[in-house]
Structure formats: structure tokens, C-alpha cells
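We did not get these values from a lab; they are worked out from the coordinates using the rules stated. Since the model is a prediction, treat every value here as computed from it, not as a measurement. Using ideal geometry, Cβ is built from the backbone for each residue, glycine included, and neighbour counts are taken over all protein chains shown.
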Amino acid sequence: MEPMILPAYWWNGHPNFGDALTPWILARYGVVAVHTPPDRARASGVGSIVEQLQSDFSGTIWGSGLLHGDPLELPQARVLAVRGPLTKAALGIEEDVALGDPGLLVGRWASRGRARWRIGIVPHGVHREDPSLQDLVARRVRGATVVDVRRGPGAVIRHISHCSAVLTTSLHGLVVADALGIPAAWTQRHPPLWGGDFKFRDYEAVVTPGRSREIRTDGVLSSTDLLAAMALPDTEAREESIARVEETIRDLPVSRESVWRVQAMRRGHR
């Protein structure tokens, strides 16, 4: 029997573990996600990629989110899940759909390891050389480690799993910490991310409704200050999101076509 194949779109413009979570997660449910341009994809996956879908997109949206949060119409799309209520509102979705980032499903397949570092710093790719974050690691925080988001999902998840707490400018640093039950906080640095803090607010509206774990790191912070600011998501909200997003996997538009045929489809050769 041919495997379950899903021609799916996720951003792959540069190495980033968060963008690569779609195939990593779905593989664990027996689905082979094949990267496919958005105009031919049957589904969109993890990431702030909804604006990249064409107005006539007729595939399935699975846990994707908006980048900027401006109103957008995708009348032909089938929506199984979106990252959060802000994306849902901007898309004008009135029906009940699952809310949450599929990255939370990491916790179904990975677990928190033995603590090796007090704090894991997870900078977004554009913040790798940020002097404030470098200073936190080099001088102000004992037992800190920097997680390289350019590595693959497995390597990044393992690195985060050995941290007692996480400070991140990468959304999926926060999501994976939440998936593994690791206290976390997020911060904004320069240059600002495209879309600002929209994706963080969208995600946190699901797992920490009514509160935010954003902190400022432009002042003098000790490791004690940072650790005191770290927090877990709301347990019930997190568990409900995981259960509902996981349930939608059975409704993804998978096929039993050969991988070779799907590869031809993604190149536009039907």
C-alpha cells in the first residue's frame, strides 16, 4: 500500500526549524508531507503563511496563521484549524474550528529531558547576533545556552528539552517550550520581525488567554529576574488546543498516490 501523501505548503526560504515542523509532525502520524508551491498545494501547514495563499486557494488550512493580521478573504479554502483567534477573526471565519499551533503536537512525540542549562535563549534568525542576547549569554546569565533555529526540528527540540526555562524571540521557541512543559517567556528585539508581535498575540490568545509572557530585555536583567518571568501556559487551554488540532489530522486531504506522482504534481506536471 502506498503511504499517505499530503502535498502541502510551508515556508522554506531559509533554514528554520519552525517552518520545518509540518513534515516533522505529520510524519509521526503516518503522513508524508511533500513541499508543494501554494498554488498547487492541498494544504497549508505551520507558520505565518496565510497571506502567501492565493485568493482562489481551495486547499485546506491546517494550523496556519496570518503574519500581519489584516483582513483577508479566502472563500474557497477549507479551514480545519488556524493558529489563533486573531487569525480566525481576520479571515472572517464564523464556524467552530480548532485553534492552536500544530507545533504543540511536538509534546506527543518528545518529552522534557534532564536539565543541562538554566535558560535556553532561542533567537529568531534575524536576532542571532543581537548584542543584548549575546550579553545575556556571555555575562549576565549563568548556565545559559543559545539554541540555533537553523538546525532541523529534531535537533532544536532536543536542545530545548534540556533547558530549565526558555527565553525566545522565535514564536516556535515558545511553542515547543509549551509543548514540552518548560516555563518560557518571549521578547522583542531589533530589527522587529515582519508583522511585529501579531503571531505571538494570536498564539497566546489560545494558550494563555488574558495574559502575555512578553518581557523586556533592554534593561539589566539577572538570571533570577529572567527565571521569575518565565511561565507555563494554562494547562486546560493547552490540552484542549492539542486535542482539537490533533483530531483534525484525520481530516487532512491525504492521498495514496505514489510519491513520484506527487513530486510531478508539485512541479506542475499533471
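Data for the structure
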{"item": "Mean Cα-pair separation over length for the chain, i.e. relative contact order, pairs under 8 Å, 6 or more apart, %", "result": "22 percent"}
{"item": "Charge dipole (debye, nearest 20) of the range 106-238; +1 at Cβ of Lys and Arg, -1 at Cβ of Asp and Glu", "result": "520 debye"}
{"item": "Using alpha-carbon coordinates, inclination of helix 198-207 to the longest axis of the chain, degrees", "result": "90 degrees"}
{"item": "Using alpha carbons only: equivalent-ellipsoid semi-axes of the range 106-238, gyration tensor based, whole Å", "result": "20, 18, 15"}
{"item": "R0 of 45 Å, Cβ-Cβ distance Ser223-Gln76: FRET efficiency to nearest 0.05", "result": "0.35"}
{"item": "Between 0 and 90°, nearest 10: helix 171-180 axis offset from the chain longest Cα axis", "result": "80 degrees"}
{"item": "Tilt relative to the chain, helix 235-248 - C-alpha long axis, 0 to 90 degrees, to 10", "result": "20 degrees"}
{"item": "Among 169-178, 156-165, 32-41, the order from most to least packed when residues are scored by Cβ within 10 Å on average", "result": "169-178, 156-165, 32-41"}
{"item": "Euclidean distance of C-alpha centroids, the range 1-30 and the range 90-152, integer Å", "result": "19 Å"}
{"item": "Charge-dipole axis of the range 106-238 as Lys and Arg at +1 and Asp and Glu at -1 on Cβ define it, positive-most pick from Ala185, Ser223, Ser170", "result": "Ser223"}
{"item": "Environment charge at Pro15 (Cβ cut-off 11 Å; Lys +1, Arg +1, Asp -1, Glu -1)", "result": "0"}
{"item": "Computed helical MRE - 222 nm, the chain, DSSP H runs ≥ 4 contributing -39500 (n - 2.57), nearest 500", "result": "-8000 deg cm²/dmol"}
{"item": "Total charge dipole magnitude, the range 27-168, about the Cα centre, Cβ charges on Lys, Arg, Asp, Glu only, Debye to nearest 20", "result": "1220 debye"}
{"item": "Dipole in debye (nearest 20) - the chain, about Cα centre, beta carbon charges: Lys, Arg +1; Asp, Glu -1", "result": "1160 debye"}
{"item": "GNM flexibility winner over the chain from Arg150, Arg213, Arg42 (Cα, springs under 10 Å)", "result": "Arg150"}
